[in-house]
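What follows is calculated from the coordinates using simple rules that are stated; it is not laboratory data. Here the structure is a predicted model, which means the values were calculated and not measured. Heads up, the Cβs are rebuilt from the backbone with ideal geometry, glycines too, and the neighbour counts pull from every protein chain shown.
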Amino acid sequence: MTRRLRIEWSPGSKVTALLAGPGEGKVGLLLAHGAGGGQRHPFMEGLRRRLGAVGFTTLTFDYPYMEAGRRAPDRPGRLLECHAAAFDRLAERVDAVVVAGKSMGGRVGGHFVAETG
């Protein structure tokens, strides 16, 4: 089952997230999308659904530009703010978070982990 969440990443600014799997547990997976396709991209949906089906709490989310329907990605600082908020939301539900992503989402996730340690 997939649940829809709203994540406030900046005061008054929210993005949509989708949570699959048990919704709690020891380990959760934060999965960020690539620059050209949001969390509803077939690759992202399939991976979220399959990981959730085998018991991984998996959260995908849209970056602000995708939520607003724009094609050009936001600046890195804005992407990182949103990524951090999604991470925090998932961390409320699980003991540890694995950060992953497709293309741009993987790069932003890597920067997030490097900056927050």
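Observations on the structure shown:
- When Cα extents along the principal axes in Å is calculated for this entry, the matching label among [x] 34, 31, 27; [y] 62, 25, 16; [z] 42, 28, 19 is [x].
- Contour excess over end-to-end distance, with Cα ends at Arg107 and Arg75 and 0.36 nm allotted per residue: 10.2 nm
- Cα long-axis angle, helix 42-53 against the chain (0 to 90 degrees, to the nearest 10): 30
- Folded to 0 to 90 degrees: helix 76-91 orientation relative to the chain principal axis, Cα: 20
- Simple Cβ-charge dipole of segment 2-116, Lys/Arg +1 and Asp/Glu -1, about Cα centre, in debye nearest 20: 420
- When you count the other C-beta atoms within 10 angstrom of each residue and take the mean per peptide, 1-14, 85-98 line up highest first as 85-98, 1-14.
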